[in-house]
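Rule-based calculations on the coordinates, nothing more; no lab input. Just so it is clear, the structure is predicted and the values come from calculations on it, not from any experiment. Here Cβ is always computed from backbone atoms with ideal geometry, including for glycine, and neighbour counts include all displayed protein chains.
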Amino acid sequence: MVRGSELLLRDLDLPTGSLPDGLKGDAAIYIGRWQGQPCRLLPVSRKHPVPAGLTTESLQSAEPCLSLELLSLGALGAQILHWENNSRCCSRCGGQMARIPGESGKKCGNCSALHFPHIHPCVIVLVRRGEEVLLVRKAEWADGRYGLVAGFLDQGECLEEAVTRELLEETGIRVQNIRYVGSQSWPFPSQLMAGFVADYAGGEIVVEEKELEDARWFAVTDLPTLPPKRSIARYLIDTFAVAM
């Protein structure tokens, strides 16, 4: 059961058996098997009170008390519901959409167009300058937390070009030796983060104030509050902060 960005739990695990009073299973979506049992996804309105015997856990908590596997399952549920809410009508003709059995896609009942979940590619990059790293801060983040430059891919760009453009636009920094590290699904609501490491090549920091509140170089021995460990941003910092 997913309520906004919260997972409803019983004793820090998925509830089993009948639904709590006040909830109906009409909107439940079968998504596979979990620990050998059929698993269904049920959206719960943000206005609905937490049923008796259940608790909530934020899928975006900085210090989650759930396993990575259960957090990932909950995040998948939130991503599926985002697709459900944004795929009711065909973007080609406006007709009603219906699920394709056994797949994640939908088919328009009017023009027969096929549609599949929209995954939005993003780049995120750790820039190194000797024993320093470039970290940035958005105003809406938790107090004192810094992270990495990131942004969506533009049409016609490859991933490395997006890295170069985002850094220039947001910080005025130029880089070289751009290396791909890995990727992470970030379903808040539907991103795929492609992680990179790059070396400083020139420029002085000029903060793009529409995007960022601050950007600065930090010594790797004196880092501020960082993103949670489950994020690719934190993996890049923890693994590649010191030049290799």
Problem - Additional length obtainable on full extension of the chain from LEU212 to PHE116, 0.36 nm per residue less Cα span - result: 31.3 nm
Fill in the blank from the handout: If TRP34, TRP186 are placed from fewest to most neighbouring beta carbons inside 10 Å, the sequence is TRP34, TRP186
Practice task
Report ³J(HN,Hα) in whole Hz for each residue of region 8-24, in order, from the Karplus equation J = 6.51 cos²θ - 1.76 cosθ + 1.60 where θ = phi - 60°; Gly and Pro get x.
Solution key: 8, 9, 10, 6, 6, 9, 5, x, 10, x, 6, 6, x, 4, x, 10, 10
Practice task
Would you order GLU131, GLU84 from fewest to most other beta-carbon atoms within 10 Å of each residue's own beta-carbon?
Solution key: GLU131, GLU84
Completion exercise
Of all chymotrypsin sites (Phe, Trp or Tyr not before Pro) in region 100-152, the ones in DSSP coil with at most 11 other Cβ atoms within 10 Å are none
Practice task
In whole angstrom, note down how far apart the Cα centers of region 136-206 and region 13-34 are.
Solution key: 38 Å
Fill in the blank from the handout: Going from the fewest other Cβ atoms within 10 Å to the most, one would list SER91, SER45 as SER45, SER91
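Would you mind giving the three semi-axes, in whole Å and largest first, of the ellipsoid equivalent to region 2-85 according to its Cα gyration tensor?
Working: eigenvalues 58, 47, 41 Å².
Listed largest to smallest, the semi-axes of region 2-85 are 17, 15, 14 Å.
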Practice task
Report the label-to-label distance for ASP238 and ASP143 in nanometres (one decimal), using points 7 Å from each Cα along the Cα→Cβ vector.
Solution key: 2.6 nm
Completion exercise
Any lysines whose Cα falls less than 26 Å from that of LYS210, other than same-chain ones fewer than 8 residues away, would be LYS138
Handout entry: Under Karplus coefficients 6.51, -1.76 and 1.60, residue-wise ³J(HN,Hα) of region 67-74 in Hz, glycine/proline x
Key = 5, 4, 5, 6, 4, 5, 5, x
Exercise for the section: Report which label in (i) 15; (ii) 19; (iii) 35 holds the value of percent of Cα pairs over 32 Å apart derived from the coordinates of this structure. Expected result: (iii)
Fill in the blank from the handout: Sorted by chain and number, the residues with a modelled amide H under 5 Å from that of GLY172, at a separation of 5 or more or across chains, are VAL206
